[in-house]
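Any read-out appearing in this document is the output of simple, stated calculations on the displayed coordinates, not a laboratory observation. Every value quoted in this text rests on a predicted model; they were computed, and no experiment measured them. A quick note on method: Cβ atoms are made from the backbone with ideal geometry, for glycine too, and the neighbour counts reach across all protein chains shown.
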Amino acid sequence: MKVLVTGGAGFIGSHICELLLQRGDRVVVVDNLRTGKRANLPPRVTFYHEDITQPLLNSIFRQEKPQVVIHEAAQVSVPSSVADPLLDTKINLAGTVNVLEAAKQNGVQKVVFASSAAVYGEPQYLPIDEEHPISVQSPYGLAKHTVERYLALYKSLYGLDYTVLRYSNVYGPRQDGQGEGGVVAIFAHLLSRGLVPTIFGSGEQTRDFVFVRDVAAANVAATTKASGQVLNVSTNHAVTVNQLYEIMAQLWGVDAPARRGPERAGDIEDSTLCNLKACEALAWAPSWSLEAGLAALKEGWDGLPDF
Ligand SMILES: NC(=O)c1ccc[n+]([C@@H]2O[C@H](COP(=O)([O-])OP(=O)(O)OC[C@H]3O[C@@H](n4cnc5c(N)ncnc54)[C@H](O)[C@@H]3O)[C@@H](O)[C@H]2O)c1
């Protein structure tokens, strides 16, 4: 199969590329390296240093003729989307419509889309399943949900198949801990320098941390399964930020309590996503425990050496 991965030089996209190559697929990446890195790319991918918002995208699709598109490219920061909603809309909404138009015009059969738990907002019950009401709280969440609806529209108008994957908190190698990366990346960045991170609020807030390799495996499975479905990609397991810190401090050999900071406005207290639907539809299950994933991160494990 020939698969085009937008954002393939990024954290999650690069792991997806590796698993596709391992399956024997031909892989094309379109990435403007806004937050991704060329060094993340496995050598055997065909790389286009291009922006998904540009008209030139169509000629890449025309030349490469991918059967499936895995769409990871995005402005990925929720706070940045609040600070600059126009930029978020340009990349995450208009850029995605540009991807869908190129897909429609060049015979792509299916689009697999990286959506987010951000579409659910403050949970009304836990774990959050796919039937949970949508309640976006940022331009980022709004763009992700609007794209989900575009996908349903393109399927009904043009027969372009899709699967939406709503990720929980993804962590693992190649996640950027210096910018707005997830809490695991930030803790790892600081602990590896002997610095003690700050936990905001009580630390009893829960998150559902899923290892990037498991997310990549769900994407690869979705290239051939779960037609027209919306699926949570998560562990279904709640971990408090305090528990996370304890495990990480022990692994990184830091014998000090975390610093404490005030609760941050807008932080969701608890979040766990039910993954039963994805397990069934994708014949997939997360295979990395948090301890195993964090240990792999600590040891500098960085994917498959051969790809
Ligand atoms: N990391 C998480 O916990 C998480 C959770 C939910 C959803 N997601 C989604 O998963 C996807 C991948 O995120 P990530 O964590 O790997 O972030 P990332 O920043 O590492 O990856 C995004 C990639 O998209 C590229 N990109 C950005 N704008 C582009 C443009 N205009 N044209 C071409 N390429 C562009 C970046 O250079 C980067 O390589 C995103 O769609 C994100 O919204 C991530």
Segment 87-218: relative contact order from alpha carbon pairs under 8 Å, six or more residues apart, as a whole percent, is 24 percent
Give the cross-link partners of LYS110 among the lysines, using a straight C-alpha distance below 27 Å as the criterion and excluding same-chain residues fewer than 8 apart. LYS2, LYS37, LYS65, LYS90, LYS144, LYS155, LYS225, LYS277
Just going by the charge dipole of segment 30-153, with Lys and Arg at +1 and Asp and Glu at -1 on Cβ, which of ALA73, LEU93, HIS49 is farthest out on the positive end? HIS49
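Taking the Cβ of TYR150 as the center, what net charge do the other residues with Cβ under 12 Å away carry, scoring Lys and Arg +1 and Asp and Glu -1? Show your work: numbers first, answer last.
Numbers: positive: LYS104, LYS144, ARG149, LYS155; negative: GLU101, GLU148.
Local charge sum for TYR150: +2.
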Can you find, among VAL164, ILE134, GLY266, the residue sitting farthest towards the positive end of the charge dipole of the chain, where Lys and Arg contribute +1 and Asp and Glu -1 at Cβ? VAL164
In degrees rounded to 10, the 0-90 angle between helix 212-222 Cα long axis and the longest Cα principal axis of the chain is 30 degrees
What residue among LEU282, LEU165, LEU87 has the largest mean-square fluctuation in a Gaussian network model of the chain, using Cα springs under 10 Å? LEU87
For segment 234-307: rounded, prolate or oblate by the Cα gyration tensor [a/c cutoff 1.5]: oblate
Residue (of ILE60, TRP288, ALA103) at the positive-pole extreme of the chain, dipole from beta-carbon charges: ILE60
Looking at the square roots a ≥ b ≥ c of the eigenvalues of the Cα gyration tensor of segment 116-170, which shape do they give, rounded for a/c under 1.5, prolate if a/b is larger than b/c, or oblate? prolate
Nothing charged except the Cβ atoms of Lys and Arg (+1) and of Asp and Glu (-1): what's the magnitude of the dipole of the chain about its Cα centre? Round to the nearest 20 debye. 940 debye
Isotropic mean projected area of the C-alpha convex hull, segment 165-307 (nm²): 9.3 nm²
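Using a 10 Å cut-off around each Cβ, can you sort TRP284, TRP252, TRP301 from fewest to most neighbouring Cβ atoms? Don't skip to the end; give the middle numbers.
Details: TRP284 21, TRP252 17, TRP301 14.
By the 10 Å Cβ count, ascending, the order reads TRP301, TRP252, TRP284.
Against the 2.2 N^0.38 Å scaling, with N counting residues, where does the chain land? I'd like the Cα-based Rg ratio to two decimal places.
Numbers: Rg = 18.6 Å, N = 307, 2.2 N^0.38 = 19.4 Å.
Expressed relative to 2.2 N^0.38 Å, the Cα Rg reads 0.96.
Can you tell me how segment 84-155 classifies by the Cα gyration tensor, rounded, prolate or oblate, using a/c under 1.5 as the rounded cut? Don't skip to the end; give the middle numbers.
On the way: a/c = 3.30, a/b = 1.54, b/c = 2.14.
Oblate, since a/c reaches 1.5 and b/c is not below a/b.
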Sum of -39500 (n - 2.57) over DSSP H runs of 4+, divided by residues of the chain (222 nm, nearest 500): -10500 deg cm²/dmol
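Taking the DSSP beta bridges in the chain as the whole, what percent of them are antiparallel, to the nearest 5? Walk me through the intermediate numbers first.
Values: 2 of 39 bridges.
Given both bridge residues lie in the chain, the antiparallel proportion sits at roughly 5 percent.
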With no solvent and one equal point scatterer placed on each C-alpha of segment 35-163, evaluate the Debye formula and give log10 I(q)/I(0) for q = 0.13, 0.14, 0.17 Å⁻¹, two decimals. -0.59, -0.68, -0.96
Round to the nearest 10 and give me the degree value, 0 to 90, for the angle of helix 139-158's Cα axis relative to the longest principal axis of the chain. 30 degrees
Going fewest to most other Cβ atoms within 10 Å around each Cβ, LYS37, LYS110, LYS225 line up as LYS37, LYS225, LYS110
A correct fewest-to-most ranking of LYS90, LYS144 by other Cβ atoms within 10 Å would be LYS90, LYS144
Full-stretch length increase - ALA295, ILE134 - with 0.36 nm per residue and alpha-carbon distance subtracted: 54.5 nm
